[in-house]
Amino acid sequence: MRTQVAIIGAGPAGLMLGRLLDLAGVDNLILERRSADYVLGRIRAGVLEQGAVDLMDRARVGQRLHAEGLVHEGTVLSFDGEDLRIDFTALVGRQVTVYGQTEVTRDLMAARPDRVIYEAEDVALHDIDGAASVSWVQEGVARRIDCDYIAGCDGFHGVSRASVPASAIRTFERVYPFGWLGVLVDRPPVSRELIYANHERGFALCSQRSLSRSRYYVQVGTTDTVEDWSDQRFWDELRHRLEPTTAEAVETGPSIEKSIAQLRSFVAEPLRFGRLFLAGDAAHIVPPTGAKGLNLAMSDVDMLAEALIGFYRDGSTAGLDGYSARALSRIWKAERFSWWMTNLLHAFPENGPFGRRMQRAEFDYLAGSRVARQSLAENYTGLPH
Ligand code: APR
Ligand code: PHB
């Protein structure tokens, strides 16, 4: 068997890359360790930058997104119960669209159902500096495919980055001393727009998936488990951290999903090793505070697809040679923004009262400076691809 591009992982990065290559006539095959149902069952973030929306359109999978996605013209930051609205439209003339990653994945899956091999076990990369190939086990049978290039889109714990010799890769990491406990509930959102709240007891976020489904988060300790958090405890803590009228308006209900995610910033450099390219969570992790994870995965594969398509169109490797530096330049800016928003909004007891005053000063500066708000809005709605 032979293909032009073997893609590892059928998350949003791998599926979008496969779709863009398909549309350009570049042959590819996606190998995914899990089942399609498992992939669709993972609850992830749900805010799309305009660039990601445009990419969905270019991939001709934007129909449902436009019908069902909620366009948000701003967001609210709250500090000790004091609200500050960031008006994206007025500040930068751009918006974001609330549409779950699960839905993005579903739309991409529907566009190319037979080019993905699900439940591919023991995926292994071979000879990435030479005649590249990928092997896997499918229903107990060993298989192998030769390829020109491999795209590692297999997330943070995937096999692609792990296949690179340690001496060839440099990683940069910051693990934050807390996690987010998230609850999904079939109740209308408390507010039309997202609310990011900094409270003495810790961060809280009011988000949404639709007009009838909400997603809420509270900052929790690194050793907390889902079992420590009954629904009642979660709702009490969330309300505690919100401004009182908002707190009262939260419609609670039985959680339909509850999970804890550690917050981490991580970047691998470079993103190319011979015939292997990394994209999405395989290459980097952002804390969820700026909703950049899915959007970065989209901009990475936009650039990678352009480079691969350029190569097959006119034989030029310029795009492929430039991919790593080009993608990393945008990745680091999104890393900076996510790190900054995380620092602004969470409780860091180890930073003491001085740290809290710094957060307060930052919030007051935002409240008083259009330029500061504009910078926030520019980054939140997304830098150009
Ligand atoms: N072999 C094959 N597939 C694998 C392997 C492996 N060894 N390891 C992981 N995978 C698969 C996972 O099962 C998953 O479906 O790779 C896929 C990676 O998908 P994601 O983790 O969703 O990563 P990505 O596509 O880069 O999307 C990034 O996901 O984690 C969120 O916040 C992040 O929204 C961002 C988005
Ligand atoms: C979410 O809806 O899950 C969400 C929204 C915004 C974020 C993070 C997560 O910054």
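The values are calculated or read from the model by the stated rules, or taken from the named source; none is laboratory data. Please read these numbers as outputs of a predicted model, since none were measured by experiment. Note that each Cβ is placed from the backbone with ideal geometry, even for glycine, and that neighbours are counted across all protein chains shown. To get the accessible areas, we keep the full protein, side chains included, count just its heavy atoms, and leave off ligands, DNA and RNA. Shrake-Rupley method; radii C 1.70, N 1.55, O 1.52, S 1.80 Å.
Other residues within the sphere of radius under 15 Å centred on the Cβ of residue 86, judged by their own Cβ, net out at -4 (K and R +1, D and E -1).
Remark: region 345-360, residue by residue, has Karplus-estimated 3J(HN,Hα) of 10, 9, 7, 10, x, 5, 8, x, x, 4, x, 5, 5, 4, 4, 4 Hz, where x stands for each Gly or Pro and the curve is 6.51 cos²θ - 1.76 cosθ + 1.60 at θ = phi - 60°. To the nearest 10 Å², what's residue 106's accessible area with a 1.4 Å probe? The accessible area comes out at roughly 100 Å². From helices alone, the chain scores -12000 deg cm²/dmol at 222 nm; the rule is -39500 (n - 2.57) for each run of n ≥ 4 DSSP H residues, then divide by the residue total. Region 111-145 and region 1-76 have their alpha-carbon centroids 20 Å apart. Proximity of backbone amide H atoms, modeled 1.01 Å from N, is registered between residue 276 and 150 at under 5 Å, excluding neighbours fewer than 5 places apart on the same chain. Dipole check for region 55-101: with +1 at the C-beta of Lys and Arg, -1 at the C-beta of Asp and Glu, and the Cα centre as origin, the magnitude is about 460 Debye.
Find how much the distance from residue 168 to residue 82 grows on full extension, using 0.36 nm per residue of separation minus their present alpha carbon separation; answer in nm with one decimal.
Working: separation 86, 0.36 × 86 = 30.96 nm, distance 4.82 nm.
26.1 nm is the gain from fully extending residue 168 to residue 82.
Normalised by the number of residues in region 7-123, the average gap of Cα pairs under 8 Å and 6 or more apart makes the relative contact order 38 percent. A simple count of charges around residue 349, restricted to other residues whose Cβ falls under 11 Å of its Cβ and scoring Lys, Arg +1 and Asp, Glu -1, yields 0.
For the peptides 265-274, 355-364, 127-136, 312-321, the ranking by mean Cβ contacts within 10 Å, running from highest to lowest, is 265-274, 127-136, 355-364, 312-321. Projecting the Cα atoms of 294, 95, 16 onto the charge dipole of the chain (Cβ charges, centred on the Cα centre) puts 95 farthest toward the positive pole.
Mind checking the dipole of region 163-242: about its Cα centre, +1 per Lys or Arg Cβ, -1 per Asp or Glu Cβ, Debye to the nearest 20? Each step should come with its number before you reach the end.
Numbers: 11 positive and 10 negative charges, 74 e Å.
Dipole about the Cα centre, nearest 20: 360 debye.
If the segment from residue 350 to residue 259 were pulled out straight at 0.36 nm per residue, it would be longer than the present Cα-Cα gap by 30.2 nm.
On a 0 to 90° scale, report how tilted helix 293-314 is relative to the longest principal axis of the chain, with both axes built from alpha carbons and the result rounded to the nearest 10. Between the helix axis and the principal axis of the chain, the angle is about 30 degrees.
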